[in-house]
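Remarks on the structure that follows.
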Amino acid sequence: MTTSARLPRAAMIAASVLATVATLSVVPTAYADSTAAETARPTAGLPLGDQDLAETRTSRELARGVTLTKIVRGTEPAAPDQINTTTRGPWIVNVLTIDPRKAKGRLKATYGPDLAKVEKTSELVRTSGALAGVNASFFTFTASQLYPGDPVGLGIFDGKLLSEPLTDPAEANLLIDADSNKVLTGHLRWTGEVRNRRSGAELPLEFVNHPPVIPAACATLPDQTTCTEPGDVVLFTPEFAAATPAGHGIEVVLDRRGCVVRTATTRGTALAKDQTSLQATGKDTAALLAATAHGCLTKDIKLADQNGKKVSLRNNLYGVTGRYQLTSGGEIVVPDGTGSFFDRNPRTIAGTTRDGKILLATIDGRQTTSVGTTMDETAAVADALGLHDAINLDGGGSTAMALQDGTLVNRPSGTNGAERAVGDALVFVPRR
């Protein structure tokens with residue numbers, strides 16, 4: 001369920017009766033692990049579908065403090081034309097539970113070789129040396145074949161803001177302190193500007209690592225400084241891609257001190273690891289040239305939570321973006337809505353319990369073997385799993401959970417279970 005555009009970014013992006021029937025089952029062969037403890041026990045069922053549905057839960061310990069649980073609710077495959085309406089399911093939910101008090105490792109986000117590319121969740125898990133992981137943020141997907149992995153919303157990786165949060169309050173963010181494995185959910189806000197240390201000239205930033213838009217009225221003007229329509233001012237970092245986006249406009253490359261290395265009257269260049277660049281289009285090109293003339297720049301990027309409290313960018317801080325908070329403070333808070341996004345779909349959930357455990361969950365969907373969940377049903381599942389605070393991450397064909405060898409835990413909704421390449425993932429990396 002990727003979103004197809006980020007232009008502008010700000011414009012994008014009833015619980016059922018609790019079941020009581022549960023039965024025991026044997027762990028499927030695909031989950032067998034001679035080094036893992038396996039248990040199956042009756043428990044209160046998920047609030048999905050009719051009360052009389054059978055439900056099984058099978059768990060195994062992947063490592064100390066890390067447990068994988070498979071929940072199967074309902075036994076009969078759904079009719080293809082009733083996937084979005086049936087009350088008989090079935091549903092398949094996989095839950096990765098991390099207890100920070102016991103687990104030896106850290107939860108983090110990873111985007112792979114560069115921000116603008118896409119990789120499969122299984123590959124991101126494998127290459128990061130993780131024990132397990134799930135897909136994370138919404139990403140550009142088909143809006144630009146050049147930069148399909150470009151995050152739609154917040155992206156913080158090891159203390160670096162590589163993608164700014166949306167201004168749309170519907171965006172829900174997951175913030176991870178990998179040092180302590182503490183996770184917060186909510187909506188972050190940001191401001192960004194550059195300031196000339198000598199002249200004091202200031203210029204606000206529109207985006208971070210997002211291709212700027214050329215105003216329609218000026219699309220054919222090679223010299224964007226003659227344009228009278230507002231454009232964009234964007235900060236680019238080396239993590240974005242092998243080269244910054246090319247096209248009409250102005251680009252100014254800065255060294256690690258913020259001093260100008262070179263200025264070009266067209267956009268598109270390779271950045272060294274200690275360089276950044278500023279791109280501008282439309283009449284903002286003139287403003288960029290003025291702000292960078294005869295001096296060095298200071299970048300001022302500020303983050304705050306939804307209560308206005310400052311969020312400091314520091315090492316081992318990670319952040320990803322979802323759409324809609326599911327639970328907050330132990331209450332279901334998902335908004336009402338209609339349309340395909342609110343219909344039954346595969347879902348990926350992330351959040352924390354009241355006692356600090358971290359849960360990453362996938363719900364298979366759009367299949368006769370697992371029909372998926374509406375937004376209301378997703379929130380109800382999060383609540384039933386004990387998530388005090390939880391958000392809905394990217395879902396649909398992106399939903400995936402994988403283990404350290406790249407093995408998929410769930411069945412994605414692509415043709416024949418094909419896994420989709422995504423922008424980033426949440427992974428739990430064992431301490432070595």
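No value in this document is a laboratory result; all are computed from the given coordinates. Because the structure is predicted, anything quoted here is derived from the model rather than measured. So basically every Cβ, Gly included, is an ideal-geometry build from the backbone, and we count neighbours across all protein chains shown.
Annotations for the structure displayed:
- Per-residue ellipticity at 222 nm, computed for the chain from helices alone with -39500 (n - 2.57) per DSSP H run of at least four residues, works out to -1500 deg cm²/dmol.
- Of all aspartates and glutamates in the structure, the ones whose alpha carbon falls short of 20 Å from that of LYS117, not counting any fewer than 8 places away in one chain, are ASP150, ASP158, GLU164, GLU239, ASP394, GLU419, ASP424.
- Between amide H atoms placed 1.01 Å from N, distances below 5 Å from VAL233 occur with GLU206, PHE207, all of them 5 or more places distant or on a separate chain.
- P(r) of the stretch 264-402 over all Cα-Cα pairs, binned every 10 Å from zero, in whole percent: 10, 27, 22, 18, 19, 4, 0
- With Rh defined as the Kirkwood radius, the inverse of the mean 1/r over Cα pairs, the Rg/Rh of the chain is 1.02.
- Listing GLU164, GLU202 from fewest to most neighbouring C-beta atoms within 10 Å gives GLU202, GLU164.
- Largest-first principal axis extents of the Cα set of the stretch 191-301 (Å): 36, 32, 25
- Centroid-to-centroid separation of the stretch 286-314 and the stretch 364-432 [C-alpha atoms, Å]: 35 Å
- Listed cross-link partners LYS102/LYS302; LYS102/LYS310; LYS70/LYS104; LYS120/LYS299 are compared with a 24 Å cut-off, the Cα-Cα value being larger for LYS102/LYS302; LYS102/LYS310; LYS120/LYS299.
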